[in-house]
1. What FRET efficiency comes out for B:Thr68 versus A:Val95 if R0 is 35 angstrom and r is the Cβ-Cβ distance? Round to the nearest 0.05.
2. In a solvent-free Debye calculation with one equal scatterer on each Cα, what is log10 I(q)/I(0) for segment B:1-62 at q = 0.21, 0.25, 0.28 Å⁻¹, listed in the order of the q values?
3. Tell me, what ³J(HN,Hα) does each residue in segment B:78-86 have, in order and in whole Hz, if you take phi through Karplus 6.51 cos²θ - 1.76 cosθ + 1.60 with θ = phi - 60° and put x for Gly and Pro?
4. Quick check: pseudo-label points 7 Å beyond the Cα along Cα→Cβ at B:Arg42 and A:Ala39, how many nm apart are they?
5. How many percent of all Cα-Cα pairs in chain B sit more than 23 Å apart?
6. Normalising by the residue count of chain B, find the relative contact order in percent from Cα pairs under 8 Å and 6+ residues apart.
7. So what's the net charge close to B:Leu89: Lys and Arg +1, Asp and Glu -1, counting the other residues with Cβ under 9 Å from its Cβ?
8. Given a cut-off of under 8 Å on Cα pairs at least six residues apart, what relative contact order in percent is computed for chain A?
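Where a number appears in this text, it was derived from the coordinates with a stated rule and is not lab data. Because the structure is predicted, anything quoted here is derived from the model rather than measured. Positions of Cβ are generated from backbone atoms using ideal geometry, with glycine treated the same way; all protein chains shown enter the neighbour counts.
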Amino acid sequence: SQTIHQWPATLVQPVGSPLSLECTVEGTSNPNLYWYRQAAGRGLQLLFYSVGIGQISSEVPQNLSASRPQDRQFILSSKKLLLSDSGFYLCAWSVGLAEYNEQFFGPGTRLTVL
Amino acid sequence: SQKIEQNSEALNIQEGKTATLTCNYTNYSPAYLQWYRQDPGRGPVFLLLIRENEKEKRKERLKVTFDTTLKQSLFHITASQPADSATYLCALNQAGTALIFGKGTTLSVSS
């Protein structure tokens, strides 16, 4: 069966510090991968998605970046965090395009920037 | 502009009643629409997918309708239970992009 892992589960970081969140998927090959952010009182905002190794599409311009160094690994990074980067970060995967298929979400990372 | 609106942020109902949640969209032409459940502090979980040529879809106590003329989807939970309390998200596709989610409706079922 397929599983998706995210770590860490919670993170408290000072403004201006770097960020690296990791997501890995097991039990499937060539998944489409997604990073979302859910801020308090707001909906799920798609940040990045990837259809293959090294292929990243950015949905929202910001100080975040994503990379996919391996087929089932997706990393979200920032060089300098802002207060507005606080939120609940979710990684998800789908078989093929998510518009035709369900997405499977990870447990999320709660990021607080102070 | 393009919008997805879930008409109420919160819905409170009594156990045993039918909960009806609404998802309206503007300036989209989705071929598919999905519904997810999200519990506090967790990632969303897929519930149902309905295609534009399907008027209605059912799964156990859940029913989804999709009216492309009204640009609306309704999500029903019959014989609701306290365990159904959660936030429910609708999501749709726009050709060439990933899913776009509404902000969700938080359902509270009281016993």
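1. With a Förster radius of 35 Å, E is 0.85.
2. Here log10 of I(q) over I(0) equals -1.19, -1.41, -1.41.
3. Each residue's phi maps through the Karplus curve to give 8, 6, 4, 10, x, 5, 7, 5, 4 Hz.
4. In this crude spin-label approximation the distance works out to 2.7 nm.
5. In whole percent, the share of Cα-Cα pairs in chain B beyond 23 Å is 23.
6. Over chain B, the number comes to 35 percent.
7. +2
8. Relative contact order of chain A: 35 percent.
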